[in-house]
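Engineer: Quick one: the structure is below, questions incoming.
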């Protein structure tokens, strides 16, 4: 059997590396030495697995299985860079064409998007959702996380529907929250959580009634020249109900337990 060398993207922010693959494109040596690479031809592009899509050889289920295979072999949830010019896997554009967004296809594959870590905006959003859950004296009904088909993030102990929005502090000293909900009229309460520039600390939390939010984006500025600002949002401020903790090092007992249990369950299934 003939072996080849091929480029592989090891992870976020890392440079591509040479690996040794067999005739099918499967990696057989992830850390080859220069001597082992010497004399090997580059893996032919026409042999790349992702080019099978051009011949319609991948079924939908095979594409989903490739995502599951990556998660099993690499021990983490794949991102689009993992499926970019990678001879071991289909190209990420195939998934967009077949299924829509990357998050949607991960869900179809049965992968827990909450376990993507801080590379994921979805995970940052889940941190905010769990902070809101933790601030209630009585446990609400959580309609986010594993159950992501609901039009809102949860139901308060008093029976009102709520949705959680989070934002980091932007360059021009404001927070911007997307309120583009499909069934906006059904959201009775919004929780807006404002973090610092790198999402490590919660700075403000506001509880706002749904009828006030008419636009698809809600911005709150530090300065008074913004329509909504720190000063006129004081009547909605509930920051004192939230622990201002370091999100990266300590993201809350409820979240840590939930995500750890779901990760173990997924890895052992």
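Engineer: Is it true that residue 231 is modelled with pLDDT of 85 or more, farther than 26 Å from residue 159 by Cα, assigned to a loop (DSSP other than H, G, I, E, B) and in contact with a strand residue (DSSP E or B) (Cβ under 9 Å, 6 or more places away or on another chain)? Even if it seems obvious, please write down each step before you answer.
Structural biologist: Values: modelled with pLDDT of 85 or more: yes; farther than 26 Å from residue 159 by Cα: yes; assigned to a loop (DSSP other than H, G, I, E, B): yes; in contact with a strand residue (DSSP E or B) (Cβ under 9 Å, 6 or more places away or on another chain): no.
Answer is no for this residue.
Engineer: Could you go through segment 127-144 and let me know if any residue there is touching a helix residue (DSSP H, G or I) at 6+ places or on another chain (Cβ under 7 Å), at pLDDT below 85 and in a loop (DSSP other than H, G, I, E, B).
Structural biologist: yes
Engineer: Here are some residues: 95, 89, 58. Which one is more than 27 Å from residue 126 (Cβ to Cβ), free of Cβ contacts under 8 Å to residues at least 60 places away in the same chain and surrounded by 14 or more Cβ atoms within 10 Å (Cβ to Cβ)? Outline the logic, then answer.
Structural biologist: On the way: 95 fails: more than 27 Å from residue 126 (Cβ to Cβ); 89 fails: more than 27 Å from residue 126 (Cβ to Cβ).
Result: 58 is the single residue among 95, 89, 58 that is more than 27 Å from residue 126 (Cβ to Cβ), free of Cβ contacts under 8 Å to residues at least 60 places away in the same chain and surrounded by 14 or more Cβ atoms within 10 Å (Cβ to Cβ).
Engineer: Across segment 184-205, what is the total count of residues that are assigned to a strand (DSSP E or B) and over 18 Å from residue 124 (Cβ atoms)?
Structural biologist: Narrowing segment 184-205 to residues assigned to a strand (DSSP E or B): 189-195, 201-205.
Within this subset, residues satisfying the condition of being over 18 Å from residue 124 (Cβ atoms) are 189.
The qualifying residues number 1.
Engineer: Take the residues in segment 24-46 that are surrounded by 15 or more Cβ atoms within 10 Å (Cβ to Cβ) and under 27 Å from residue 97 (Cβ atoms); name whichever of them is modelled with the lowest pLDDT.
Structural biologist: Going through the qualifying residues, I end up with 25.
Engineer: May I ask you to list the residues in segment 157-183 that are in contact (Cβ under 8 Å) with a residue 12 or more places away in the chain, surrounded by fewer than 17 Cβ atoms within 10 Å (Cβ to Cβ) and either touching a strand residue (DSSP E or B) at 6+ places or on another chain (Cβ under 7 Å) or assigned to a helix (DSSP H, G or I) (or both)?
Structural biologist: Matches in segment 157-183: 160, 168, 173, 176, 178.
The values are calculated or read from the model by the stated rules, or taken from the named source; none is laboratory data. Quantities reported herein were computed from a predicted structural model and do not represent experimental measurements. FYI the Cβ positions are ideal-geometry reconstructions off the backbone, even for glycines, and counts take in every protein chain you see.
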